[in-house]
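The values are calculated or read from the model by the stated rules, or taken from the named source; none is laboratory data. Worth saying up front: this structure is predicted, and the values here are computed from it rather than measured. Virtual Cβ from ideal backbone geometry, glycine too; neighbours counted across all protein chains shown.
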Amino acid sequence: MLSRHWPRSPGAIHTTAMISTIHASFSWAYAASGLVVGLLVGLTGVGGGSLMTPLLVLSFGFAPSTAVGTDLLFAAATKAVGTGIHSVLRGVDWRIVGRLTLGSVPATGLTLLAIAHYGAASHVVNTAITLTLGVALLISVLSLFARERVIAAAMRRNQDFGLNTSIGLTVATGFVVGALVSLSSVGAGALGTVALLFLYPRLPLPRIIGSDIAHAVPLTLLAGLGHWYLGVVDLGLLFNLLLGSVPGIIIGSYAAGKVPDYILKPSLGLVLTLVAVRMLTA
């Protein structure tokens, strides 16, 4: 059985404990969860925090703070693999990634300071995570189904919108996404993708997804390390999730754009809606 607890005092991390946790018993359930989520992330750019964190809380009984902290490092490793695939396929616009990072890094730092102030495993933080997660999931569902309308509205507003006029808005988007991701692990995929579709409507969708995944790597890594330092990351769980997610995101990244949207969108939207309602009523 994997341990769900980690030393709570910052910096109280011992090599022996880390090794024993990582080498905890293998779990098919955790690995299978990682595989499914990794596949969805590769296909759509959505699904990391939107599905993994609620899954860990609702299905496996982890505390929200532990689920978020572990999921952030899970997302960093998983999306690093996805970034490599999308980069090889020339599906990443590094200018956009840089602009988003300018906003998300300071937002992440401020959010982590707030979490540290109240206590990463405190009732206040766990409640804030649960509420933020539920609301963010509902917004994710709306953004998922509004994707085409967002692109059409952006193109009507300015045919060149996104080429040279959206730098400030992209940085602001990064700030909002950084705060949401650091608190709930949700936002980098679902909300970030739709925001980029509006800001850069003439970029191909696979390039938008690739850029969003690439930005999520430094964001989730920084936020995840912050949560790890605060003592709310389960390394044994992380190891099991990654065993499934790495092959999942490789398959999903290569298959991106090949799965019919009319199948993927309603299915993902229904799942996210059910999870959001469950989180808000828990």
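List of remarks:
- Within the stretch 194-216, residues that are within 14 Å of VAL97 (Cβ to Cβ) reach partners that are of a type in the set (S, T, N, Q) with beta carbons closer than 6 Å, at six or more positions or on different chains, in the pairs ALA195/THR173; LEU199/SER166; LEU199/THR170; ASP212/THR193; ILE213/THR83; ALA214/THR83.
- Yes/no for PHE198 being in contact with a Pro (Cβ under 7 Å, 6 or more places away or on another chain) and modelled with pLDDT under 85: no
For every residue, the table says whether it meets (1) touching a Lys or Arg at 6+ places or on another chain (Cβ under 8 Å); (2) of a type in the set (S, T, N, Q); (3) assigned to a helix (DSSP H, G or I); (4) modelled with pLDDT under 90.
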| position | (1), (2), (3), (4) |
| --- | --- |
| ILE209 | no, no, yes, yes |
| ILE213 | yes, no, yes, yes |
| LEU219 | no, no, yes, no |
| ALA223 | no, no, yes, no |
| HIS227 | no, no, yes, no |
| ASN240 | no, yes, yes, no |
| LEU243 | no, no, yes, no |
| ILE249 | yes, no, yes, yes |
| GLY252 | no, no, yes, yes |
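- Qualifying residue in the stretch 120-134 (condition: touching a residue at least 24 places away in the same chain (Cβ under 8 Å) and under 29 Å from ILE167 (Cβ atoms)): yes
- Across the stretch 167-193, the number of residues qualifying as in contact (Cβ under 8 Å) with a residue 60 or more places away in the chain and in a helix (DSSP H, G or I) comes to 18.
- Qualifying residue in the stretch 165-180 (condition: more than 25 Å from LEU222 (Cβ to Cβ) and either at pLDDT 80 or above or of a type outside the set (A, V, I, L, M) (or both)): yes
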